[in-house]
1. Of the residues ALA165, ALA181, which single one is in a strand (DSSP E or B), out of contact with any helix residue (DSSP H, G or I) (no Cβ under 6 Å at 6 or more places or on another chain) and either within 28 Å of ASP198 (Cβ to Cβ) or small (Gly, Ala, Ser) (or both)?
2. If you go through region 108-128 one residue at a time, do you hit one that is in contact with a helix residue (DSSP H, G or I) (Cβ under 7 Å, 6 or more places away or on another chain), surrounded by fewer than 20 Cβ atoms within 10 Å (Cβ to Cβ), more than 29 Å from PRO202 (Cβ to Cβ) and β-branched (Val, Ile, Thr)?
3. Of these, GLU141, GLU122, which one is of a type in the set (Asp, Glu) and in a strand (DSSP E or B)?
4. So which of ALA142, ALA74, ALA105, ALA84 ends up being at pLDDT 95 or above, more than 28 Å from LYS185 (Cβ to Cβ) and under 14 Å from the mean Cα position of the chain (by Cα)?
5. Among the residues of region 75-93, are any part of a loop (DSSP other than H, G, I, E, B), in contact with a helix residue (DSSP H, G or I) (Cβ under 8 Å, 6 or more places away or on another chain) and more than 25 Å from GLN172 (Cβ to Cβ)?
6. Just checking, how many residues over region 184-211 are assigned to a loop (DSSP other than H, G, I, E, B), in contact with a strand residue (DSSP E or B) (Cβ under 8 Å, 6 or more places away or on another chain) and modelled with pLDDT of 95 or more?
Amino acid sequence: MKRTIAVAAMVAMGTMGAVTVAQAQATATPATPAAVAPPAAAAQAQPQTQTQTQMQAAVQARAADVASIDAIVAALYDVISGEAGKPRDWNRMRSLFAPEGRLMAVARRPDGEVVMRTMTVEDYIGRNTKAFATMGFFEREAARTTETFGQIAHVFSTYESRHAAGDAKPFQRGINSIQLAHDGKRWWIVNLVWRAEDKELPLPERYLPKP
């Protein structure tokens, strides 16, 4: 568990929640991705392989949350949703992501420049804990396209964000692009990238709920 919308509007997974367009626009030049090391450092860098042991070192997940693609996506939406002031179960969210998992919000500045903000799960938790204390936020999946091959999967999930569960219309819609992997025992979220729709980039018909 958004995503031009007013500058103060949420960039998504949504919100991922409280990462606002204003925050995404704060840096005129997107930071160099952590995975891209400067030439000197890259020459010394050693390949790192995330082992199953390292994965298991993460917070223990609820078995039902990670048993299937449907289950882990549902858990993701559920864990970030709630009334203002309702504590989120952040350990549950931690348990859904691979230890090196990342989240990224993609947004367009008023001048047209596209910016990207990359976060760890802890970054996301830190940014949203304070925001969710005073703001209700509910995100639900409206439609989905899933592709799988062996132990990997890609979910293109259309989301709708509301401030209250009973709101008739969402204040924001967009796409959560979720990459997943199965280690033989459970599903993990490896990466999550989201982009809210705007006037220049409305959601295409193929990603909307079927009548």
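1. Values: ALA165 fails: in a strand (DSSP E or B).
When all the criteria are applied, what remains is ALA181.
2. Quick first cut of region 108-128, residues in contact with a helix residue (DSSP H, G or I) (Cβ under 7 Å, 6 or more places away or on another chain) only: 109, 115, 117, 121, 125.
Narrowing further to those that are surrounded by fewer than 20 Cβ atoms within 10 Å (Cβ to Cβ): 109, 125.
Narrowing further to those that are more than 29 Å from PRO202 (Cβ to Cβ): 125.
With β-branched (Val, Ile, Thr) added as a condition, the list becomes 125.
Taking every residue of region 108-128 in turn, at least one turns out to be in contact with a helix residue (DSSP H, G or I) (Cβ under 7 Å, 6 or more places away or on another chain), surrounded by fewer than 20 Cβ atoms within 10 Å (Cβ to Cβ), more than 29 Å from PRO202 (Cβ to Cβ) and β-branched (Val, Ile, Thr).
3. Values: GLU122 fails: in a strand (DSSP E or B).
Going through GLU141, GLU122 in turn, the sole match is GLU141.
4. Working: ALA142 fails: under 14 Å from the mean Cα position of the chain (by Cα); ALA74 fails: more than 28 Å from LYS185 (Cβ to Cβ); ALA84 fails: under 14 Å from the mean Cα position of the chain (by Cα).
Matching residue, one of ALA142, ALA74, ALA105, ALA84: ALA105.
5. no
6. Step one: list which residues in region 184-211 are assigned to a loop (DSSP other than H, G, I, E, B), which gives 184-186, 197, 199-200, 202-204, 208-211.
From the residues that got through so far, the ones that are in contact with a strand residue (DSSP E or B) (Cβ under 8 Å, 6 or more places away or on another chain) too are 197, 200, 203, 208-210.
Then keep just the ones that are modelled with pLDDT of 95 or more; that gives 197, 203, 208.
Qualifying residue count, region 184-211: 3.
To keep it simple, each residue is scored yes or no on (1) under 16 Å from MET104 (Cα atoms); (2) surrounded by 12 or more Cβ atoms within 10 Å (Cβ to Cβ); (3) in contact with a Ser or Thr (Cβ under 8 Å, 6 or more places away or on another chain); (4) not aromatic (Phe, Trp, Tyr).
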residue	(1), (2), (3), (4)
THR146	no, yes, no, yes
ALA153	no, yes, yes, yes
GLN179	yes, yes, no, yes
ASP183	no, yes, no, yes
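The values are calculated or read from the model by the stated rules, or taken from the named source; none is laboratory data. Remember, it's a predicted structure, so these values are computed and weren't measured experimentally. In this analysis, Cβ positions are derived from the backbone assuming ideal geometry, glycine residues included, and neighbour counts consider all displayed protein chains.
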